[in-house]
Amino acid sequence: MKFSYKARTEDGQLQVGNVEASSRDSAINILNGHDLYVLNIKPVVKEKWYDKFSNFFKRVKVKDLMVFTRQFATLLASQVPLVDSLNNLYKQTNNPILKEAIVDISNDVDAGFSLSQALERQGSIFSDFYINMVKSAEVTGRLSEVLEFLADYLEDKASLTSKVKNAVTYPVFIIVLFFIVIILMVTIVLPQITPLFEDSSMNVPVITQIVIFIGEFLVDYWWALLIAFMAVGIV
């Protein structure tokens, strides 16, 4: 079983990570054996299959992250303390997911985490590139400048994503409309024509037989295909 922990070393440095153990007490004993003073430890909950659907609706848009980063850079450049900057950003942010993440980041920073460590604990929102840039900025002391760069990067990314979406919208619409017409033909029109072939006792071309078979299969087993598509989406 895996446990996530927050602990301090003998030198007082904060350390976070995961440890494998059979129980919570065993995990604490392992950490204590490495001269770590455990501050917090909890089991890592495995992601359930339906979490992928819920996580789809719990995303932070690139635009929201860009605005957050731009405001963050401005506050730090104005010499506003880190925690105060996060508190101000919490008040100015409308996205509920990002708002909750800001609270967690602020609490982690208060607890002794560096900003990059706090961001790393919000990995579903902040990319590895974002976190690594902040980590390097902490070393060089140019955090506000790096955040400004990240804001420009996210703005360019949002602009490019918007252009791509606009470019593919019409072709996707045509393709979807094409498949809808095909499905209607196969499931509605062909079943009405099939009795005519049977009554006339004529030899139906192989391709026509295949199309008729597909139509009958879709009508009878559409639910099986729906389940199959859902299973593929989950995997």
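The values are calculated or read from the model by the stated rules, or taken from the named source; none is laboratory data. Keep in mind that what you see is a predicted model, and the values were worked out from it rather than measured. So basically every Cβ, Gly included, is an ideal-geometry build from the backbone, and we count neighbours across all protein chains shown. What goes into the accessible areas is simple: the full protein's heavy atoms, side chains included, and nothing from ligands, DNA or RNA. Shrake-Rupley method; radii C 1.70, N 1.55, O 1.52, S 1.80 Å.
Odds and ends about this structure:
- Scan of the range 31-46 for residues that are touching a helix residue (DSSP H, G or I) at 6+ places or on another chain (Cβ under 9 Å) and either open to solvent by 70 Å² or more (accessible area, probe 1.4 Å) or within 18 Å of Glu120 (Cβ to Cβ) (or both), ordered by number: Tyr37, Ile41, Lys42
- Candidates are the residues of the range 4-30 that are within 17 Å of Ala111 (Cβ to Cβ) and touching a residue at least 24 places away in the same chain (Cβ under 8 Å); the one that is most open to solvent (accessible area, probe 1.4 Å) is Arg8.
- Residue check for Val67: surrounded by 14 or more Cβ atoms within 10 Å (Cβ to Cβ) and modelled with pLDDT of 80 or more: yes
- Filter result for Leu184 (modelled with pLDDT of 80 or more and hydrophobic (A, V, I, L, M, F, W, C)): yes
- Every test in (1) within 24 Å of Asn87 (Cβ to Cβ); (2) modelled with pLDDT of 90 or more is passed by Leu177 save one, and that test is (1).
- Residue within the range 121-130 that is modelled with pLDDT of 90 or more, among the basic types (Lys, Arg) and open to solvent by 30 Å² or more (accessible area, probe 1.4 Å) present: no
- Test for Phe173: is it in a helix (DSSP H, G or I), closer than 30 Å to Leu115 by Cα and free of Cβ contacts under 8 Å to residues at least 24 places away in the same chain: no
- Scanning the range 91-103 for residues that are under 20 Å from Val62 (Cβ atoms) and either over 18 Å from the mean Cα position of the chain (by Cα) or open to solvent by 60 Å² or more (accessible area, probe 1.4 Å) (or both) gives Gln92, Thr93, Asn94, Pro96, Glu100.
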